[in-house]
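What follows is one structure encoded as structure tokens, with my remarks underneath.
No value in this document is a laboratory result; all are computed from the given coordinates. Everything numeric here is computed off the predicted structure, so don't read it as measured data. We place every Cβ from the backbone using ideal geometry, glycine too, and count neighbours over all the protein chains shown.
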Amino acid sequence: MKNSVTLTAVVLFAILFLDAYASTPEFDSDNAFSLLEKQCAFGPRNPGSEGYNKCRDWFVEYFEGLTDEVYKQPFKAQETITGETRKLTNIIAGFGRDGGSGLMLCAHWDTRAIADQDPDPKNRKTPIIGANDGASGVAVLLEIARIASENPPPRPLLIVLFDGEDMGRSSYSQEFALGSRYWASNPIPAMPQEAILLDMVGDSDLEFEIEYYSERNAPGLRGYLWELATQMDLDAFREIPGPRVADDHVPLQQAGIRAIDIIDFEYPYWHTVGDTPDKCAPESLDQVGKLLVAFIYGIE
């Protein structure tokens with residue numbers, strides 16, 4: 001009798017789950033991948049470069065075609081690698097109805113000015129394309145912005161592209177995540193309760209372990225998303241401890257936001273000239289995009 005009751009409960013849960021998520025909007029992974037390629041076509045997007053300026057303007061134009069709530073947040077910071085003071089811009093787009101607890105989805109859009117981890121010493125002063133480290137997370141968010149413009153989310157949604165994440169020297173964590181540090185001290189338009197950061201989510205050999213600071217700060221949010229991924233058969237999400245990553249989610253946590261980082265840090269082309277679109281895959285973007293769309297539209 002006990003086994004019968006348990007089986008009935010499992011079947012009921014499965015039916016409710018399928019009913020809740022069957023009608024969610026569709027994430028278009030091919031479109032997301034084309035948005036990754038579009039960013040890379042501008043070339044390296046390190047602050048001060050031609051590709052940086054053109055891509056920044058394209059982001060603003062893209063968001064303005066989807067929502068009236070678009071903010072450019074300018075600030076200045078020193079790039080310690082070069083000693084230059086850079087003019088930087090966080091780009092923010094808002095969607096959804098007023099009221100309720102807000103959700104932020106975020107990624108960094110800048111790329112690194114030097115390929116300091118490249119195996120060839122001759123490449124180590126070359127700016128990187130940043131297909132995975134930068135463009136992949138942004139591509140998922142741009143596709144979700146399209147979805148949100150056509151399907152107003154049930155609670156306020158902020159999509160934030162942070163600048164100045166990758167301007168620091170290796171082993172000096174305080175020199176990284178400059179855009180999120182600035183935003184956390186100057187939130188536009190308002191501080192959300194929860195935030196999900198995407199970083200390096202396009203690797204064709206994708207595996208998301210549990211990032212340390214995410215689990216320490218927001219175990220409920222982290223656990224819910226990984227369980228949801230399991231129910232959706234998204235096999236890139238693994239219930240195993242991962243590394244500590246001093247990423248853009250840490251300043252958000254310090255500002256009182258429940259924030260987690262979805263990141264695959266095991267990427268052999270990290271901070272090398274080999275971080276190009278051919279190392280990424282639409283199927284990887286699909287895993288993350290489908291999960292976030294289900295999370296946004298499957299709850300009230």
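Looking at region 26-297 from every direction and averaging, what is the projected area of its Cα convex hull in nm²?
Orientation-averaged projected area of the Cα hull: 12.6 nm².
Taking each pair of different alpha-carbon atoms in region 39-110 once, compute 1/r for the pair, average those values, and report the inverse of that mean as the Kirkwood hydrodynamic radius in Å to one decimal. Hydrodynamic radius (Kirkwood, Cα only) of region 39-110 equals 13.8 Å.
Counted by neighbouring Cβ atoms within 10 Å, the residues Val293, Val140 run from fewest to most as Val293, Val140. Converting phi to 3J(HN,Hα) with the Karplus coefficients 6.51, -1.76 and 1.60 and the offset θ = phi - 60°, region 198-208 yields 10, 8, 6, 10, x, 3, 5, 10, 8, 7, 9 Hz in sequence order, with x at every glycine or proline. For Ile210, nonlocal amide neighbours, meaning residues 5 or more places apart or on other chains whose placed amide H falls under 5 Å from its own, are Ile240, Gly242. What FRET efficiency comes out for the pair Lys72/Arg216, r = Cβ-Cβ distance, R0 = 30 Å, nearest 0.05? Once rounded, the FRET efficiency stands at 0.35. Helices meeting the span-like rule in the chain (full DSSP H runs, Cα extent of at least 30 Å along the helix axis, mean Kyte-Doolittle score of 0.0 or higher) are absent.
Rounded to whole numbers, the Karplus 3J(HN,Hα) couplings from phi for region 246-252 are 7, 10, 4, 6, 5, x, 5 Hz, using 6.51 cos²θ - 1.76 cosθ + 1.60 with θ = phi - 60°, and x at Gly and Pro. Quick check on my link table: of Lys54/Lys122; Lys72/Lys122; Lys72/Lys290, which ones sit more than 31 Å apart, alpha carbon to alpha carbon? Exceeds cut-off: Lys72/Lys122.
What does the extension gain come out to for Thr80 and Met232, with contour length at 0.36 nm per residue minus their alpha carbon separation?
Numbers: separation 152, 0.36 × 152 = 54.72 nm, distance 4.30 nm.
Separation in residues times 0.36 nm, less the Cα-Cα distance, equals 50.4 nm.
By the rule of a C-alpha distance below 16 Å, with chain neighbours fewer than 8 residues away ignored, the lysines paired with Lys279 are Lys38. I want the antiparallel fraction of DSSP beta bridges within the chain, as a percent rounded to 5. Antiparallel: roughly 45 percent of the beta bridges in the chain.
Comparing Cα centroids, region 62-79 and region 106-135 end up 22 angstrom apart. Database remark: amide H of His108 closer than 5 angstrom to the amide H of Phe162 (H placed geometrically; neighbours at sequence offset of 5 or more, or on other chains; Pro and chain starts carry no H). Between Asp166 and Ala177, the built amide H atoms are under 5 Å apart, and every one of these is 5 or more places off in sequence or on another chain. Couplings 3J(HN,Hα) for region 256-265, derived from phi with the Karplus relation 6.51 cos²θ - 1.76 cosθ + 1.60 (θ = phi - 60°), are x, 8, 6, 10, 10, 10, 8, 8, 10, 7 Hz, where x marks Gly and Pro. The distance separating the Cα centre of region 170-208 from that of region 210-253 comes to 14 Å.
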